[in-house]
1. Among bridges DSSP assigns within the chain, what percent are antiparallel (round to 5)?
2. Give me the accessible area per residue for the chain, probe 1.4 Å, as a whole number in Å².
3. Normalising by the residue count of segment 43-136, find the relative contact order in percent from Cα pairs under 8 Å and 6+ residues apart.
4. Excluding ligands and nucleic acids, what accessible area in Å² is computed for residue 14 using a 1.4 Å probe, to the nearest 10?
5. Going by alpha carbons, how many degrees (0 to 90, nearest 10) lie between the helix axis of 108-118 and the longest principal axis of the chain?
6. Using Cα-only point scatterers and the Debye equation, what is log10 of I(q)/I(0) for the chain at each q in 0.13, 0.15, 0.17 Å⁻¹, rounded to two decimals?
7. With a 1.4 Å probe and all protein chains left in place, how much of the accessible area of the chain comes from carbon and sulfur atoms, in whole percent?
8. Give the Rg (one decimal place) followed by the Dmax (whole number) of segment 1-54, computed from C-alpha coordinates and expressed in Å.
Amino acid sequence: MFLAGANVQVPFLKIVLRKAYGLGAIAMSGGADDAAVFTVAWPTGEFGPMALEGAAKLGYRNELAAISDPVERKKKFDETVAALYQRGKALNVATHFAVDDVIDPADSRRWISGALRSTPPPARRTAKKYPFVDSW
């Protein structure tokens, strides 16, 4: 998907409806976060480097391991996951320029049609369809 997205010749539009985590989100985004003409999200959108529970386990492994009481460790883990979910909400991510806008789902069609009207036609292909070496 990375290679196909990187070689796409049509306008690429990105609307995040729910979860956009890690390499899966990048693969579905044309192979790069900045490949799309626009990136918008519905208010239900979530962003993160990976599934947030796994991110908490890996990213805060040392802090969690330092807590000897299992109940306290679980409490700290739950607080960390809640903070990651809060930080990954579409409205919060949009304040850091990773998302162009958080839109009402009813406006999705307007965003798509506006982008398709405003993008120039792609340049005529003169080289190979897939100029990059296949990773497989």
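1. 10 percent
2. Numbers: 9520 Å² over 136 residues.
Accessible area per residue: 70 Å².
3. Values: 45 pairs, mean separation 28.6, N = 94.
Worked out over segment 43-136, it gives 30 percent.
4. 20 Å²
5. Roughly 40 degrees, rounded to the nearest 10.
6. -0.69, -0.83, -0.96
7. Numbers: 5720 of 9520 Å².
Carbon-and-sulfur percentage of accessible area, whole number: 60.
8. 11.2, 36
The values are calculated or read from the model by the stated rules, or taken from the named source; none is laboratory data. All figures in this text were calculated on a predicted structure; none of them were measured in a lab. Side chains are part of the model used for accessible areas, which takes the heavy atoms of the whole protein and leaves out ligands, DNA and RNA. Shrake-Rupley method; radii C 1.70, N 1.55, O 1.52, S 1.80 Å.
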